[in-house]
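Participant: Below is the structure I would like to discuss, written out as structure tokens.
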Amino acid sequence: MGRGKSKGRGKGRKTKKRVERKRGGRKSRSKNKPSSTKKERTSKSNRRWIQRAIKRPGELKRWLKRNAKKIEKLTGEKPFTKSGEVNTNALKKLRKTEFYEKLPTFRKQEINFAITAEKFRKG
């Protein structure tokens with residue numbers, strides 16, 4: 001009767017250890033190691049961080065096109081400028097509406113990021 005318990009218990013331990021090894025832990029930084037150089041910090045992958053940050057490219061624009069009339073009615077402004085860019089002033093006004101509160105979290109994040117990204121361009 002005791003053998004059944006030990007078989008199951010042993011298997012579970014091995015798989016847990018394997019999983020922990022694969023995940024790895026946070027590597028501690030050596031105190032003697034010099035800090036990264038400027039060339040390393042501006043590698044191609046680091047320069048394009050914003051593209052990786054956007055999970056669904058173009059999703060906000062598609063949503064704005066679908067809901068353009070509703071947004072214009074709520075905010076008093078068109079969601080797009082004459083040149084076709086997203087009108088961040090309309091998005092800022094949209095954030096103050098009850099409609100915004102009912103939106104899913106990822107849509108709110110997209111709206112907030114669009115407003116933040118506009119600041120990057122200006123700055």
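The values are calculated or read from the model by the stated rules, or taken from the named source; none is laboratory data. Only a predicted model underlies this, so the values are computations on that prediction, with no experimental measurement involved. Every residue, glycine as well, gets a Cβ built from its backbone with ideal geometry; the counts of neighbours run over all protein chains shown.
Participant: For region 62-123, which helices (runs of 4 or more DSSP H) that fit wholly inside it have 3 or more residues that are modelled with pLDDT of 95 or more, within 23 Å of the chain's Cα centre (by Cα) and over 27 Å from Trp49 (Cα atoms)?
Facilitator: By residue number, 98-102.
Participant: What are the pairs, 6+ residues apart or on separate chains, where a residue within region 42-61 that is within 23 Å of Pro79 (Cα to Cα) and modelled with pLDDT of 75 or more has its Cβ under 8 Å from a residue that is surrounded by 10 or more Cβ atoms within 10 Å (Cβ to Cβ) and acidic (Asp, Glu)?
Facilitator: Arg56/Glu110; Glu59/Glu110; Leu60/Glu110
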